[in-house]
Every structure is written in C-alpha cells, then in structure tokens.
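Just below is one structure, and these are the notes that go with it.
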Amino acid sequence: MELTLTSKQRAKLRAMANSLDTILQIGKGGINENTVKQVADALTARELIKIRVLENSLYTAKEAAAELAEAADCLVVQVLGTRITLYRPNPEKPVIQLDD
C-alpha cells in the first residue's frame, strides 16, 4: 500500500480512536482468513477500528498488527498495550478527512 501517514495525521487518528470501542479480539485461534475478512469489512465500513489481542493469543500485539496490516491492506495507527488501532480509507466514500 502506498498510503502513508504523517505524524500529524497519525496524531489525529489516535485522538479519534480514543473514544472507539474494541470491535474484534484475537485469541488463541490467531489470525486466519475469517479474521482478515472481518477486519477488512470493518475497515470498509468504519475506516478506523480498534482490536484487542488477548493474553492467550500466540501473537504479541505488534506481531498481530503487522500481520493484519499486510493481510487487510491497511495502516497501523498505533499499538498500545494489547490494543491495536488500524486505519484504511474507504475507496468510494472516505469519511475521515486527513487533510493537514
């Protein structure tokens, strides 16, 4: 993906993510096709999502973030503890405006 975020854009997304609820959890089942599809669908609908990596997961939050970002073609906004925030603009109707 050629999309990158400036530090200003990343800060704006982080601020927006503060109020978001976690919509997906990654546990001992790990990351599979179904997980990637759920992430991709959620990103298309919301653009910015928060995921939690459970303690029984085989992944650290950073590993899970990197794998999901590649598989779902999105950007990692931040990894904070066990929480991951991902972003991908909707190609048809972008909701979040990131103009500097």
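The values are calculated or read from the model by the stated rules, or taken from the named source; none is laboratory data. Here the structure is a predicted model, which is why all the values come from computation and not from measurement. Heads up, the Cβs are rebuilt from the backbone with ideal geometry, glycines too, and the neighbour counts pull from every protein chain shown. Heads up: the accessible areas ignore ligands, DNA and RNA and are worked out on the full protein's heavy atoms, side chains in. Shrake-Rupley method; radii C 1.70, N 1.55, O 1.52, S 1.80 Å.
Observations on the model:
- Of the residues making up segment 40-50, not a single one is open to solvent by 70 Å² or more (accessible area, probe 1.4 Å), out of contact with any Cys (no Cβ under 9 Å at 6 or more places or on another chain), assigned to a helix (DSSP H, G or I) and under 20 Å from T4 (Cβ atoms).
- Hey, N34 over 25 Å from L98 (Cα atoms), assigned to a helix (DSSP H, G or I) and out of contact with any strand residue (DSSP E or B) (no Cβ under 8 Å at 6 or more places or on another chain) or not: yes
- Of the residues making up segment 49-57, not a single one is β-branched (V, I, T), out of contact with any helix residue (DSSP H, G or I) (no Cβ under 9 Å at 6 or more places or on another chain) and on the phi < 0 side of the Ramachandran plot.
- Residues of segment 3-39 satisfying the condition of being free of Cβ contacts under 8 Å to residues at least 12 places away in the same chain and either surrounded by 13 or more Cβ atoms within 10 Å (Cβ to Cβ) or of a type outside the set (S, T, N, Q) (or both): A11, A15, G29, E33, K37
- Hits in segment 51-73 - residues which are open to solvent by less than 30 Å² (accessible area, probe 1.4 Å) and more than 23 Å from T4 (Cβ to Cβ): V53, S57
- Taking the criterion of being in a loop (DSSP other than H, G, I, E, B) and open to solvent by less than 100 Å² (accessible area, probe 1.4 Å), the residues of segment 82-96 that qualify are T82, R88, P89, N90, P94, I96.
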